[in-house]
Protein chains: 2
Amino acid sequence: MALSDLEVLERNEDGIATAISILKQRFGEKLKTSQALREQHAHTTTYIPSQLPDAVVFATCTEDVQEVVRVCAEHKVPVIPFGTGTSLEGGVNAPAGGISIDVNEMNQIIAVNAEDLDVVIQPGVTREALNDYLRDTGLFFPIDPGANASLGGMAATRASGTNAVRYGTMRENVVSMRVVLPDGRTIKTAARTRKSSAGYDLTRLMVGSEGTLGIITELTLRLYGIPDRISAGVCQFETVEDACNTTILAMQTGLPLARIELLDTLQVKMINSYSGLDYEPRPALFLEFHGTESGVEEQIALFNEIASEYGGGDIQWVDTMEARNKLWKARHDAYFAMLAWRPGCQGIATDACVPISRLADCIAETQKDVEELDLVAPIIGHVGDGNFHVSLMIMMDDKDEVARAETFIERLNSRAIAMEGTCTGEHGIGQGKRRFIRLEHGAGADVMSAVKRAIDPDNIMNPGKVVGFDD
Amino acid sequence: MALSDLEVLERNEDGIATAISILKQRFGEKLKTSQALREQHAHTTTYIPSQLPDAVVFATCTEDVQEVVRVCAEHKVPVIPFGTGTSLEGGVNAPAGGISIDVNEMNQIIAVNAEDLDVVIQPGVTREALNDYLRDTGLFFPIDPGANASLGGMAATRASGTNAVRYGTMRENVVSMRVVLPDGRTIKTAARTRKSSAGYDLTRLMVGSEGTLGIITELTLRLYGIPDRISAGVCQFETVEDACNTTILAMQTGLPLARIELLDTLQVKMINSYSGLDYEPRPALFLEFHGTESGVEEQIALFNEIASEYGGGDIQWVDTMEARNKLWKARHDAYFAMLAWRPGCQGIATDACVPISRLADCIAETQKDVEELDLVAPIIGHVGDGNFHVSLMIMMDDKDEVARAETFIERLNSRAIAMEGTCTGEHGIGQGKRRFIRLEHGAGADVMSAVKRAIDPDNIMNPGKVVGFDD
């Protein structure tokens, strides 16, 4: 699939009409079919064109989701779960039409189990809402993708973000989930324990399955104590390679970095311009350390030592929440800074991830491509995990530029995979990366298809995403 | 299934005979059919009677395993992977006969990627052999079940041990695996990266599947830097409840405990007697802290403060490797200490795991059961994870005692499950816990069966373990 193509699946017109009429009776005003709402529920944050669902049901409880799924199962109609619609790979599109299940009203925090360091929530709770709620408990949930996404959606895409280098991704931080199966039954994927050897790992099977095996209606997540001290800072380097090598050595030393984010020169210029900052126009690492007072002191001293070996400049450390928030807001606004830099462009996100030992090479070769293909494409990366995003800023009406972007993406993903890496560290496969699944997984793609067929034999769960029946 | 029963599956006599004659030609002396070797390969560490395979093939490479599986697939003959045979739940038994694939000669360490903090190995490498090999690199692999198990077997059962409270289990520490599928093809389960969102999590699907979905022939594992300082110590309490509450508070405080092991009074007496030690005859926590010099000092101070709130006695900390080894050897010898305590008894391991907030209650109710049912059953636990082992020391020719043991196990596992826990924190399901899968997972057991049927439609991969086709 090229950037401009989009798979269209066969529609089951009769089934869709019947299902909507049944669901309309059952859900009344909670079911909507207006064009505006359908468009909103197929909205994707990137270049992928919208494919609208035929109706949207606003679910308020697990039973609502079960009811929609049962009706859709009977009439073989697709169901597409919808959280905040911030998928970067067309996760909420409806290539065969069907019913979008909006879980935003399922936004209750059911239980905070402070002794167990976990929380039970509904899937529409966003990461910011959860942390606001937790503020007085001294606990927090660390996973922070760019958007203020719903936690159900984050589990579905196996999301991560800037803190993953220390706290892991949704893979490590979902304890258990309630999931509505394609036949309308529900399962609890696991006990609420820190570990288990009781059979297949259904939690990890569902995390990252992007709604293609079931719909998440409840999550138990791990929490962490807010550290006594948090220090953030920015360290700048002559080259991206120096910044990467600093990262590698810091990781290898076992330094418990909480955040280590690379920005290349272009990205630094963009955030300077957008956020009114005055960093030097050269590569930067945005850093954060968590720990006790003396622990953070120790980490800072060790990091300074490592960074200076690679010519890292003096680091200004900030400890107040206000100063830290300013720094990380600039980092999180990188996407908007890009759009402002080249008005009218469409941002296309990439998401390569490689073993950290290959990171400097992979980025260097990628930067050569950016230059050779004459693209405007800043780099920002969760480099402690070997994950970096080249953001292509494309004028979509310039056919030649679009074609060069396609070439770039093809080369980047193939390069990452050849380096024992992956085409997606955290965004998911969705529609946009379907064509790389076979390249990356070989016969593993057949195992994924077999699992999909076994659990969802009528292919009603978010069809057209991740894997098909014969991928 | 009661303790004394054992499921027997239908044997495919013609298929087995044909497969053995083909494999004999292919493998020559690498295939054995002697009674002694077959008995050894059905050996289980516990009460479960042996069910012998019909032949054993000593594989030396992935291609050997593929060859055996292809022949067995063609003739619908079971294959049972064999590492060190230390399964506690009958994992290596052959209830329908078939071919045992012994991977002990696949014991090569293929690559140490120090920069990436990972290592690529064959499945027959044991945890001790790996750590011996790594000694000069400054790195180590933390997962330590009681036995010196093979790492392939540890991945297959999702094993953990005393360090899991800090470093996680095999679930968190397997990066990727090569697996031979039931049709003889191989897959790589994932990229060699710290994270990925590229489709279903095949690594976690295979970890803990106990050889029922495929056979592991290569593993990439996460490594950790050996800490600057390691301190171990023993803290004793008046009651098990005090020891549990100390554990809960230490965990909640975010203390990065490397090990926290509970021994009840009976277990302390046993190791005193077996290992010539002189701990007071009351409950004990065996502890270990990892970190920098000042970090460990800080942890010790904080732990002392917490323990003293619950009447924890003075802790004697030991730092030398010799003193630490003596302490942990006594802990790891607990099983032998038990057998020596009651000569002629059979040890039956249990493996309940609950949310840590329920741990004190769960253990208290369980101790009442031990008393009421008049059993000899010390308790030892990885309490930081909420996981504890009641070891039943049973005279197997005493029918009444066996019946009381069955009642005890039934109650224990039901209690753990009712407390949002699991019947197995780390030993796996195997044959021994099959009857608890439905109680614990409800409809989730159907999802497991569906996955099993999809990936292994002829049920040749370690049949009779974990889930059946219709569990």
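In sequence order, segment B:456-464 has phi-based couplings of 10, x, 9, 6, 9, 8, 6, x, x Hz under the Karplus curve 6.51 cos²θ - 1.76 cosθ + 1.60, θ = phi - 60°, and Gly or Pro positions carry x.
Among the lysines, which fall within straight-line cross-link reach of B:K326, defined as a Cα-Cα distance under 22 Å, with same-chain neighbours fewer than 8 residues apart omitted? In chain and number order, the partners are B:K269. Would you please give the FRET efficiency between A:C61 and A:N148, computed as 1/(1 + (r/R0)^6) with r the Cβ-Cβ distance and R0 = 25 Å, to the nearest 0.05? Working from the Cβ atoms, E equals 0.60. Partner shielding of B:201-209 amounts to 6, given as the average count of beta-carbon atoms from other chains within 10 Å of each residue beta-carbon.
Expressed in Å, the radius of gyration and Dmax of the Cα atoms of segment B:280-434 are 17.6, 56.
The tail of the calculated P(r) for the protein assembly as shown, taken as Cα-Cα distances beyond 52 Å, holds 15 percent of the pairs.
For the residues of B:115-123, the average number of beta carbons from a partner chain within 10 Å of their own beta carbon is 3.
Subtracting the Cα-Cα distance of A:M395 and A:L439 from their residue separation scaled by 0.36 nm leaves 13.0 nm.
With 19 Å as the limit, the listed pairs A:K76/A:K433; A:K76/A:K452; A:K195/B:K329; A:K24/A:K452 have A:K76/A:K433; A:K195/B:K329; A:K24/A:K452 beyond it between alpha carbons.
What the phi angles of segment A:73-84 give under the Karplus curve with 6.51, -1.76 and 1.60, with θ = phi - 60°, is a coupling list of 5, 4, 9, 6, 10, x, 10, 10, x, 9, x, 9 Hz, glycine and proline written as x. Relative to the current alpha-carbon distance between B:Q35 and B:E372, full extension at 0.36 nm per residue lengthens the span by 117.0 nm.
Charge tally around B:G430: other residues with Cβ under 9 Å, Lys/Arg +1 each, Asp/Glu -1 each, net +1.
Near B:A159, the amide H atoms lying under 5 Å from its own belong to B:M170; only residues 5 or more places off or on other chains count, and H is placed 1.01 Å from N. Note that segment B:245-350 shows a convex hull volume over its alpha carbon atoms of 110 Å³ per residue.
Averaging 1/r over every pair of different alpha carbons in segment A:337-418 and inverting the result gives a Kirkwood radius of 12.9 Å.
Compute the distance from the alpha-carbon center of segment A:292-360 to that of segment A:90-162, in whole Å. Answer, in whole Å: 24.
The calculated FRET efficiency for B:D132 paired with A:D361, based on their beta-carbon distance and R0 = 45 Å, is about 0.90.
In order along segment B:290-301, the phi-based Karplus estimate (6.51 cos²θ - 1.76 cosθ + 1.60, θ = phi - 60°) of 3J(HN,Hα) comes to 10, x, 6, 3, 6, x, 5, 4, 4, 5, 4, 4 Hz; Gly and Pro are listed as x.
The label-point distance for A:E280 and B:T239, in a model that sets each label 7 Å from Cα toward Cβ, rounds to 6.3 nm. Close amide-amide hydrogen proximity is noted between A:D118 and A:N113, A:L223, each under 5 Å apart and 5 or more residues distant or on a separate chain (H modeled in the peptide plane; Pro and chain starts excluded).
Starting from the label point of B:G313 at 7 Å along Cα→Cβ, the same points in the other copies fall at 6.0 nm, in ascending order. Relative contact order of chain A, taken over Cα pairs closer than 8 Å and 6 or more residues apart, is 15 percent. Taking 7 Å steps out from each Cα toward its Cβ at B:E309 and A:E115 produces label points 1.3 nm apart.
For segment A:1-130, the fraction of alpha-carbon pairs lying more than 17 Å apart is 61 percent, rounded to a whole number.
Of the beta bridges in the protein assembly as shown, as assigned by DSSP with both residues counted there, near 85 percent are antiparallel. Counting only other chain Cβ atoms within 10 Å of each residue's Cβ, the peptide B:443-456 averages 6. The spacing between segment B:58-75 and segment A:220-260, judged by their C-alpha centroids, is 45 Å.
With contacts taken as Cα pairs under 8 Å at a separation of at least 6 residues, segment B:338-418 carries a relative contact order of 38 percent. With the simple spin-label model, which puts each label point 7 Å out from Cα in the Cβ direction, the A:R229 to A:S50 separation comes to 5.0 nm. Measuring nothing but how far apart in sequence close Cα pairs (under 8 Å, 6+ apart) lie, relative to its length, segment A:373-452 scores a relative contact order of 18 percent.
Between copies, the label points of A:F336, set 7 Å from Cα on the Cα→Cβ line, lie 6.6 nm apart, reported in increasing order to one decimal in nanometres. Counting every other Cβ atom within 10 Å of each residue's Cβ, A:H290, A:H43 order from fewest to most as A:H43, A:H290. Summarising the amide proton neighbourhood of A:V175: residues at separation of 5 or more, or on other chains, whose placed amide H is nearer than 5 Å comprise A:T220, A:L221, A:R222. Considering only beta bridges that DSSP places wholly inside chain B, some 85 percent are antiparallel.
Every read-out reported here was derived from the displayed coordinates using simple, explicitly stated rules and does not represent laboratory data. Predicted model, so just to flag it, every value in this text is computed and none were measured. A quick note on method: Cβ atoms are made from the backbone with ideal geometry, for glycine too, and the neighbour counts reach across all protein chains shown.
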